[in-house]
Amino acid sequence: MLSQSWRVALVVFGLVFATATVAFIVSRIILVLERHFERTDNLWDDTVLHALRRPAIGFVWLQGVYWAAEVAHSYSEAEIFSVNDKLLELGFIGILVWTLFGIIKKVEQTLSSPLRMKEPMDYTTVRAISKLLRAVVAITALLTVMQSLGYSISGVLAFGGVGGIAIGFAAKDLLANFFGGFIIHMDRPFKVGDWVRSPDREIEGTVEEIGWRLTTIRTFDKRPLYVPNATFTQIAVENPSRMLNRRIFETIGIRYVDVGGITDIVDDIRSMLENHEEIDAKQTLIVNFLKFNSSSLDIMVYTFTKTTQWVKYHEIKQDVLLKISDVIVSHGAEVAFPTRTLHVADSLRIENEEAEARKGRSQRTDTDESRSDESRDQAADNGPVREPSGSGQTTTQGDEAES
């Protein structure tokens, strides 16, 4: 009742539908097994199953499409169906690589997870090993594919040996960065998440990623800094993240007039630090009178906090400094500030005092004379002036004029 093309189409459709059904069943079975194995103490069964679920579905589809293509090829002479076997082989290699990549990734996550491992491995080391394994899988797969396509692996390797020398000279910086990244992964001077800085270069920040060519560092102003790995083989690198304590190193100055109580002040500050709950008394703790400074008596305070956290360290340092201030005040002393005292010689002081006295007398004399002149001027303005006579009587200028 149906033509040959319709019959072939129905068979191909049936195979594809069956493939989809089998893929769905396989997915559900693996999902059920994953949930079951998650309740067990074994960490690796559910890890492997989770990595296998999608490649298994991909393999079912690859096999089903291959069978459908074979059915179509039996009724058709089209050239495209002649490469079914080769595509199946290449697809199988791809699914195998997909599976291995998934297993490597899941194992990496498991080994570095503090939620799944009691003692998780260092994330930087695990990631470096996983990158190396993925590179090995990719190179092996590439060579296998070339062999499947008819290329001679021995010829490829011979070409790589001869051409590798030229490539090495042309890409020496790239190779230097690659081996620099390898040395970082081997020596582990820092890892992802560490705070690093270099006294030789302007490099300081938090490590975000360690690649095979570049290391990404996020500076404290939130800018990314990309450093070639070869740089770390030539510079000194500090890793403050691995410090055991943070140091408080301060010089406190008090006034010279408080020299009598400096011994008690030093003893009380030392006692306060030894009993402070955030100060590590097992580390070096020094509180001593240091020197006679230009305007203060200097006391050195040298101690270490238990914490290494930057914010908490400053809170502890603030508390320590305020308590030191309280100790100083409790002894009736004060924290010194820059001052200067001027001493004048006795002879010069006497001369200055005599000059000031002469200046004062001169000013008083001038003042009396100016007052006399003002009085005479005022009397002349007010009218006739009476002058005493020998008989006790007075005459005026008007009377004399009439005489």
Lysines within cross-link reach of K222: Cα-Cα under 20 Å, excluding same-chain residues under 8 positions apart?
K191
How many nm separate the modelled label positions at Q147 and K323, each set 7 Å beyond the Cα in the direction of the Cβ?
7.1
Viscosity 1.306 mPa s, temperature 10 °C: Stokes-Einstein D of region 243-330 from its Kirkwood Cα radius, in µm² per second?
119
Sorting check: for 51-59, 283-291, which peptide has the highest mean count of neighbouring beta carbons within 10 Å, and how do the rest follow?
51-59, 283-291
Across the Cα atoms of region 177-241, what radius of gyration and what greatest pairwise Cα-Cα distance (Dmax) are found, in Å?
10.4, 30
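Among 23-32, 179-188, 60-69, how do they line up from the highest to the lowest mean number of other beta-carbon atoms within 10 Å?
By packing density, highest mean first, the sequence is 60-69, 179-188, 23-32.
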Give, as a single signed number, the net charge of other residues whose beta carbon lies under 15 Å from the beta carbon of F337, with Lys and Arg counted +1 and Asp and Glu -1.
-1
Describe numerically, in nm with one decimal, the distance between label points set 7 Å from Cα along Cα→Cβ at Q309 and at Q109.
2.9
What ranking, highest mean first, results for peptides 98-107, 315-324, 221-230, 351-360 when packing means the other Cβ atoms within 10 Å averaged over each residue?
98-107, 315-324, 221-230, 351-360
For the residue pair I235 and F249, what label-to-label distance in nm results when each label sits 7 Å from Cα along the Cα-to-beta-carbon direction?
2.3
Mind putting a number on the dipole of region 177-241 about its Cα centre? Charges go on the C-beta only, +1 for Lys and Arg and -1 for Asp and Glu, and I need it in Debye to the nearest 20.
140
Gain upon complete extension [V11, I25; 0.36 nm per residue less C-alpha separation]:
2.9 nm
So if each residue of separation counts as 0.36 nm, and I subtract the Cα-Cα distance between R116 and R358, what length gain in nm does that give?
77.4 nm
What does region 4-152 give for Rg and for Dmax, in Å, if only its C-alpha atoms count?
19.8, 65
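Quick note: the coordinates plus some simple rules give every number you see, no bench work behind them. Bear in mind the structure is a predicted one, so any value in this text is a computation, not a measurement. Positions of Cβ are generated from backbone atoms using ideal geometry, with glycine treated the same way; all protein chains shown enter the neighbour counts.
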